[in-house]
1. Is it the case that some residue within region A:506-515 is more than 23 Å from A:ILE59 (Cβ to Cβ) and assigned by TED's automatic domain parsing to the domain that holds A:GLU615?
2. Please return the ranges of strands (runs of 3 or more DSSP E) entirely within region A:1-107 where 2 or more residues are free of Cβ contacts under 8 Å to residues at least 60 places away in the same chain.
3. Select from region A:1-53 the residues that are farther than 30 Å from A:VAL170 by Cβ and small (Gly, Ala, Ser) and list them in ascending order.
4. Go through the residues of region B:32-42 one by one and say whether even a single one is crowded, with 18+ Cβ neighbours inside 10 Å, within 9 Å of another protein chain (Cβ to nearest Cβ), under 12 Å from the mean Cα position of the chain (by Cα) and free of Cβ contacts under 8 Å to residues at least 60 places away in the same chain.
5. Across region A:483-513, which residue is surrounded by the fewest Cβ atoms within 10 Å (Cβ to Cβ) among those that are in contact (Cβ under 8 Å) with a residue 40 or more places away in the chain and polar (S, T, N, Q)?
6. Restricting attention to region A:248-270, which residues are outside any helix (DSSP H, G or I), out of contact with any helix residue (DSSP H, G or I) (no Cβ under 7 Å at 6 or more places or on another chain) and buried (at least 24 other Cβ atoms within 10 Å of the Cβ)?
7. How about region A:172-201: which of its residues are of a type in the set (A, V, I, L, M, F, W, C) and assigned to a helix (DSSP H, G or I)?
8. Going by what's in this entry, would B:TYR71 be described as in contact with a helix residue (DSSP H, G or I) (Cβ under 6 Å, 6 or more places away or on another chain), within 11 Å of chain A (Cβ to nearest Cβ) and not acidic (Asp, Glu)?
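The values are calculated or read from the model by the stated rules, or taken from the named source; none is laboratory data. As the structure is a computational prediction, the values presented were derived from the model and not from experiment. Cβ coordinates were reconstructed from backbone atoms using ideal geometry, including for glycine residues, and neighbour counts include every protein chain displayed.
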Amino acid sequence: MALSRRIAYIDLSTGKIETKPIPVEMRKKFLGGRGLDAYLLYNHSEKGVDPFSPENPLIVSAGLLVGTLASATSRTHVMAKSPLTGLLGSCNMGGFFAPELRWAGFDHLVIKGKADKPVYIYIHNGEIEIRDAKNLWGKSVTEAQRAVREELGDPDVKCLVCGPAGEKLVRFANVMTGVKNAGGRTGMGAVMGSKKLKLIAVRGTMDIKIAYPKEALEFNKRFIEQITTAKVNQTMSILGTPFIWGATNSWGGIRVNNFQYNQLLYADDVEPERFHEIANETFGKYHMAGCFACQVHCRTRYRIPDGPYKGCYDEGPEYTTQGAFASEVGCTSALTVLTGNYLCNQYGVDWLELGSLIAWAMELYEKGILTSKDTGGIDLRFGNDEAVIEMVKHVCERDTYLGDVLAEGGLRAAEIIGKDSIKYLIHVKGMQNLHSDERPTPALALNVATASRGSDHLRSRPAIDLYHLPEAVLRKIYSSPIPYEGPLSSDFREYVGKAWQVFWQEQCYMAVDSLGICKYHTTFLGATLPNFEDWVKAIYFNTGLEFTPQELWTIAERCNNMERLFNLREGLTPDDPYKGDRLVDRYHDEPAKRGAPDVVGSYIDREKFLKMREEFYRYHGWDEKTGVPTEETLKRLGIENEPSHLL
Amino acid sequence: MSVKLVVHPFLNDGKELQLEVNGSTVGECLKELIRLHPHIEDKLFDKKGKIRGYVEILVNSKSTYPEELSYPVKDGDVVNLIVFLSGG
């Protein structure tokens, strides 16, 4: 059965391993993946736990539909308290690890303790071993995976790994699988490193029994039809996520020079078509690859065309890499983007966070807050390609003063640097913002301000708000499965109706993160892609669990509230400058300078933003002012007695 | 035949454009759009004359992909040109 997979509790301090079945009742409440992880984190951690202490649980999981007959179900989720933000740490990644974990018999791993020497965990067909990793420690992301496959004598082993950045406790280190499938944001790779856990290797050949296989396959045809006929996916399957970058930049929606500007000029060399061209030249015509069970294939394969890393194989870049190593740092070279991408993948570090931090340091250098003494002689001016690549290495190696300081993340670095440096840090909850400029788009601004893991585009972003969709299309999407008769506007500059869209997307993304479905197969980027009504059918045919779309929505709400409870317990208050649901002053006080007429001059109005936030809290059933779930809300969702320690 | 065209602000220098055009296919309607507003052409079509990857055309709120230019329209239809602008 798809529900027969177990949970394993692994204590790296004692070596004790315990496994248990996951009660169906828990599935009905939290599904799996991110949703059940949120329950486990809240129940297995104490208030105020140090993220690098043995008591911080590292939770690894597969979504409920992963490895079944449903499409696009590749997603692995990892959760712990974040060493970057001190709040919820959470990341979600594609690739092939999660299906293999399920085929090896497990859905959730709760890893506690700390090994006294480097180890890796090997999971194979119901068995779990803790093994010596002295030969893996220090190896890059791809070298470590290659070495463990050789050691185990099995080329089909799939790995979850922390790179050298995680070993060195860079607070925004990723967990990685494959070459570039990254569990980015919030530093889950650093939590792995703190436990001296280099890698988790899995291999499984245990069948997953599908509840209604014939119907599941038949239904999945509809999924595939929806996915493959959506134009947004067709474009992505040619250009990858960079396809978004070109139009958005020419509109004026891309942060430049640490958010001082909003359009990168002379950007021909970093346009999506240029990366497509390089991939064609260095890898060949068929350079797009996909994750498990995916029909989109958004991952570009290429070799670095020039420079010191010429010929090195890599995958990407993504929209966020273009921001990190082009616009944010004021560079216009494809080679810098590709080299930065490669180094981040090998070190296992979040390029979005790192690029934004380098951009921040560049502005501090520009303003004289950092000097060449602080930078170790590096001329850290915007547009200096070599300086950017040097800083990537120094942060990941922590081998210079500034590299070591930035490796601590923005808030800690600002405290060390002092001198008003915090004023220029573009963050929410201590996590650097995506390089999109949300000033022209109040909905997206609310999304980044309130996302549960800090500034983020993958937790509640109504990206389709920018498409200028007819109101009838918006109405169809946003008034189901929960009726909504309030205002909706095709105008992305509006504040009215946007809180509902953000609230809706939040439930949508939680549902798919708990099922293990990729967001590119949802209304994240496509208005015609599968939805709650489709997912309940996929759940039923594959697992036998029966939900209405409304019930699935309520589960998502429950899981989002578990994350909220965790964040509130760890100190979130709405207006806290470091842990709040708020934006930094630049969003409100410095209007956009470049771009199209509907962008120039745009800023987020403080009063309207707060009104929108109150509305967003209200939809949740949270107190409008404090953002705390009311007793009534917790009772409605059946989580009034958490932590309940049922699993 | 009269068809209403609603053009994303991105394609028209930051301003939404609504106009009535004539044509029996999307392609014919767009030809008239370009005749009236030639500055839109570059953002709408690539060098090979294909609709750009970041533009999707809806007729009465339904996607016309993959037919796009050959998709038939009739009197009273509403054609939306949407753009995958994003931050995702």
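1. Taking every residue of region A:506-515 in turn, none turns out to be more than 23 Å from A:ILE59 (Cβ to Cβ) and assigned by TED's automatic domain parsing to the domain that holds A:GLU615.
2. The strands (runs of 3 or more DSSP E) meeting that bar are A:17-21, A:58-62.
3. First pass over region A:1-53, keeping only residues farther than 30 Å from A:VAL170 by Cβ: A:1-6, A:18-31.
If the condition is that a residue be farther than 30 Å from A:VAL170 by Cβ and small (Gly, Ala, Ser), then A:ALA2, A:SER4 are the ones that fit.
4. No, because not a single residue in region B:32-42 is crowded, with 18+ Cβ neighbours inside 10 Å, within 9 Å of another protein chain (Cβ to nearest Cβ), under 12 Å from the mean Cα position of the chain (by Cα) and free of Cβ contacts under 8 Å to residues at least 60 places away in the same chain.
5. Here the answer is A:GLN507.
6. Selection gives A:GLY252, A:GLY253, A:ASN262.
7. A:MET188, A:ALA190, A:VAL191, A:MET192, listed by residue number.
8. So B:TYR71 does not fit the description; no.
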